[in-house]
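These notes concern the structure reproduced below.
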Amino acid sequence: MTANTSVAFVTGGAGAIGAAVCRALADTGAQIAVVDLDQQAADTVTAELGSGHLGIALDVADTDAVRAAVERVEAELGPIDTLINVAGWDRFVPFVDTTPDFWDRVIDVNYRGTLNTVHAILPGMIERERGRIVSVASDAARVGSSLESIYAGAKGAVISFSKSVAREVAKHGISVNVVCPGPTDTPLIRGMADELGSGDRFVDALTRAIPMRRLAEPEDIAPAIVFFASDGAAFITGQTLSVSGGLTMT
Ligand SMILES: NC(=O)c1ccc[n+]([C@@H]2O[C@H](COP(=O)([O-])OP(=O)(O)OC[C@H]3O[C@@H](n4cnc5c(N)ncnc54)[C@H](O)[C@@H]3O)[C@@H](O)[C@H]2O)c1
């Protein structure tokens with residue numbers, strides 16, 4: 001499979017799933033902008049990828065910072081033809097115990113971050129009549145998830161937004177798709193479970209519920225994202241794909 005990815009902008013690129021995506025895209029020959037809150041972690045992933053890649057620290061919720069980063073990447077690496085939105089954040093909280101500040105942060109990182117990157121990068125893709133956008137949502141958005149109501153809503157917004165933009169830009173040769181990981185063994189889910197005080201019990205319960213009897217690894221998620229970014233997926237747009245070991249079959 002040849003990936004249609006000469007320059008890829010990967011948010012959350014220093015995280016578990018994001019770094020797996022960066023490695024898989026770099027293997028196809030793409031130059032990667034590893035974009036993350038954490039500069040040191042972004043630099044570490046960038047260095048692992050070899051030369052010709054760029055690590056950038058920003059908050060995806062910051063519209064101006066995203067615009068400046070897009071300008072920098074296009075000046076230093078070239079036009080961005082692949083955007084992968086992986087940055088995300090959540091905590092397990094019953095809805096009645098959530099606060100408006102928590103709503104803002106979850107919506108800002110998980111939904112507004114995607115609006116910011118797509119808004120900054122899409123005009124260039126339209127001009128060049130080519131592009132791939134893949135956003136990571138969650139099966140929480142497709143089937144619901146206790147203690148994750150705000151996050152599930154924000155990820156659901158990413159799915160609806162992606163389908164709508166997919167309709168708008170299909171005529172320009174641009175595809176917009178979504179990958180929904182099921183429970184994946186990463187610091188995000190481990191940290192959330194530990195905060196609940198139920199780390200290993202939580203993981204055991206999930207493992208029993210998943211037909212394939214294990215959590216996903218980041219390397220299980222990355223190939224689906226790379227596929228949507230590839231030339232082979234040129235005629236696929238507006239789709240939502242679960243990668244969940246059979247936990248969800250929607
Ligand atoms: N782990 C799971 O079980 C699971 C399940 C479904 C969906 N997801 C989604 O997968 C994606 C990756 O999650 P992960 O499990 O690899 O977690 P992770 O915490 O390892 O990675 C997330 C990365 O996003 C970065 N990030 C967070 N907020 C940011 C911001 N405001 N601006 C820029 N970068 C930011 C973090 O620094 C981190 O490097 C997220 O969107 C998450 O919601 C994860």
Total charge dipole magnitude, the chain, about the Cα centre, Cβ charges on Lys, Arg, Asp, Glu only, Debye to nearest 20: 840 debye
In the chain, what percentage of the DSSP-assigned beta bridges are antiparallel, given to the nearest 5? 5 percent
In the full protein assembly as shown, how much of Phe228 is accessible to a 1.4 Å probe, in Å² to the nearest 10? 10 Å²
Could you work out the pair-distance distribution P(r) of segment 1-118 from its alpha-carbon pairs, with 10 angstrom bin width and percents rounded to whole numbers? 15, 46, 27, 10, 3
Hey, what angle do you get for helix 16-27 against the long axis of the chain, alpha-carbon based, 0 to 90 degrees rounded to 10? 30 degrees
On the principal axes of its Cα set, how long, how wide and how thick is segment 159-250? Give whole Å, largest value first. 49, 23, 22
Considering the dipole of segment 100-219 built from charges on the beta carbon (Lys and Arg +1, Asp and Glu -1) around the Cα centre, which of Pro100, Thr184, His119 is farthest to its positive end? His119
Taking the alpha-carbon centroid of each part, what is the distance from segment 122-173 to segment 220-250 in angstrom? 13 Å
To the nearest µm²/s, what D does Stokes-Einstein give for the chain at 20 °C and 1.002 mPa s, using the Kirkwood radius over alpha carbon pairs as Rh? 119 µm²/s
Stretchable slack from Met212 to Met249, in nm (0.36 nm times residue separation minus alpha-carbon distance): 12.0 nm
Return the long-range amide H neighbours of Ile56 (sequence gap of 5 or more, or a different chain), with a cut-off of under 5 Å between placed amide H atoms. Val34, Val35, Asp36
Of Phe235, Val34, Ala61, farthest towards positive along the dipole that unit charges on Lys, Arg, Asp, Glu beta carbons give segment 7-243: Phe235
Can you list residues from other chains, or at least 5 along the same chain, whose modelled amide H is less than 5 Å from the amide H of Leu83? Phe9, Arg132, Ile133, Val134
Along segment 120-137, Karplus-curve 3J(HN,Hα) (6.51, -1.76, 1.60; θ = phi - 60°) to the nearest Hz, with x for Gly and Pro, reads 7, 9, 4, x, x, 5, 4, 4, 8, 6, 6, x, 10, 10, 10, 10, 8, 9
Contour minus Cα-Cα span, Ala68 to His172, at 0.36 nm per residue, comes to 35.0 nm
The answer for Val243, listing residues at least 5 apart or on another chain whose modeled amide H is closer than 5 Å to its amide H, is Cys180, Gly182
Whole number in Å², please: accessible area per residue of the chain, 1.4 Å probe, ligands, DNA and RNA not counted. 44 Å²
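So, with +1 on the Cβ of K and R and -1 on the Cβ of D and E, and no other charges, what is the size of the charge dipole of segment 38-81 about its Cα centre, to the nearest 20 debye?
About 80 debye.
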I'd like the carbon and sulfur percentage of the solvent accessible area for the chain, probe radius 1.4 Å, heavy atoms only, ligands and nucleic acids excluded. 54 percent
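The values are calculated or read from the model by the stated rules, or taken from the named source; none is laboratory data. Everything numeric here is computed off the predicted structure, so don't read it as measured data. Please note: Cβ atoms are built from the backbone with ideal geometry, for glycine as well, and neighbour counts cover all protein chains shown. The area values use the complete protein model at the heavy-atom level, side chains included, leaving out ligands, DNA and RNA. Shrake-Rupley method; radii C 1.70, N 1.55, O 1.52, S 1.80 Å.
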